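Note sheet for the following structure.
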Amino acid sequence: MGPLRVLSVFLGFILVCFMFAQCGASDLDSSYVTCGSLIKLMNTRHSVRLHSHDVKYGSGSGQQSVTGVDSAEDANSYWRIRGKPDRVCQRGAPIRCGEAIRITHMKTGRNLHSHHFSSPLSNHQEVSAFGENGEGDDLDVWSVQCSATYWERDDAVRFKHVGTEVFLSVTGEQFGHPIRGQREVHGMPSPNQNNYWKVMEGVFIQPSSDPVNHDEL
């Protein structure tokens, strides 16, 4: 085999390796939840999606209520993943396990929030939606608790409230009017089977590219 033929084969081999590396990187990126993604979260114990709407609690803080719903189609169950107030995450960057984030309700622009009020049904810690146009305060920050390096879409994860150290949870209590049948979402002081959440439907932002759809938005 002549020198030119050897060089041609070698360059072809390098090109194939590069193409596979690129594909591998793309597949790897697509397996993570990324900053800016718009997702629904389902509690794995009770099979309800994290939900909010412009209905205030009648007790406690009086802020916008956060509940769990059975329906997979309700647009009020979409939340955007964002960086914490003093550290904006890079759009499309995978979220690290242990990273502090904000979870912002798409329809109302309020952030998932907790504070030292009792929840109305279970007497755990109240979880609400707070702020305006995505801006609230330091009690809007949650840490993603998972076991790998990054938050993987298929993993069940926990969300620990940075300010009060409770875990985002559902234990099954149901509201009456005006949100009949919806489950109470609250904060619990210890990790258990009631505070695992899994990503369901959503649109996932990739670095320097268009969003990648996952099911229906």
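The values are calculated or read from the model by the stated rules, or taken from the named source; none is laboratory data. A quick note: this is a predicted structure, and the numbers were derived from the prediction, not measured. Positions of Cβ are generated from backbone atoms using ideal geometry, with glycine treated the same way; all protein chains shown enter the neighbour counts. Just so you know, the surface numbers come from the protein's heavy atoms only, side chains and all, with ligands and any DNA or RNA stripped out. Shrake-Rupley method; radii C 1.70, N 1.55, O 1.52, S 1.80 Å.
Miscellaneous remarks
- A cut-off of 5 Å between modelled amide H atoms, ignoring neighbours fewer than 5 places along the same chain, links M106 with Y78, W79, R80.
- Segment K107-R180, extension gain: residue separation times 0.36 nm, minus the distance between their alpha carbons: 24.2 nm
- Residues in region 80-216 average 48 Å² of solvent-accessible surface per residue, probe 1.4 Å, ligands and nucleic acids excluded.
- Neighbour cut-off at most 14 other Cβ (10 Å), DSSP loop, GluC sites (Glu not before Pro), region 133-187: E165
- Reach of K56 by Cα under 19 Å, taken over lysines that are not fewer than 8 positions away in the same chain: K107
- Under-5 Å amide H pairs with R45, H placed in peptide plane, nonlocal only: Y196
- Region 107-217 - percent of accessible surface contributed by carbon and sulfur, probe 1.4 Å: 44
- Distance between modelled label sites at S59 and R96, nm, 7 Å Cα→Cβ extension: 4.1
- Extension gain (nm, one decimal) between D154 and D70, 0.36 nm per residue minus Cα-Cα: 28.3 nm
- Phi angles of region 199-207 translate, via the Karplus equation with coefficients 6.51, -1.76, 1.60 and θ = phi - 60°, into HN-Hα couplings of 5, 10, 5, x, 10, 10, 7, 9, x Hz per residue; Gly and Pro are given as x.
- Residues in region 64-77 carry Karplus couplings, in order, of 4, 6, 10, 9, x, 10, 6, 5, 8, 9, 5, 5, 6, 9 Hz; the curve used is 6.51 cos²θ - 1.76 cosθ + 1.60 with θ = phi - 60°, and Gly or Pro positions show x.
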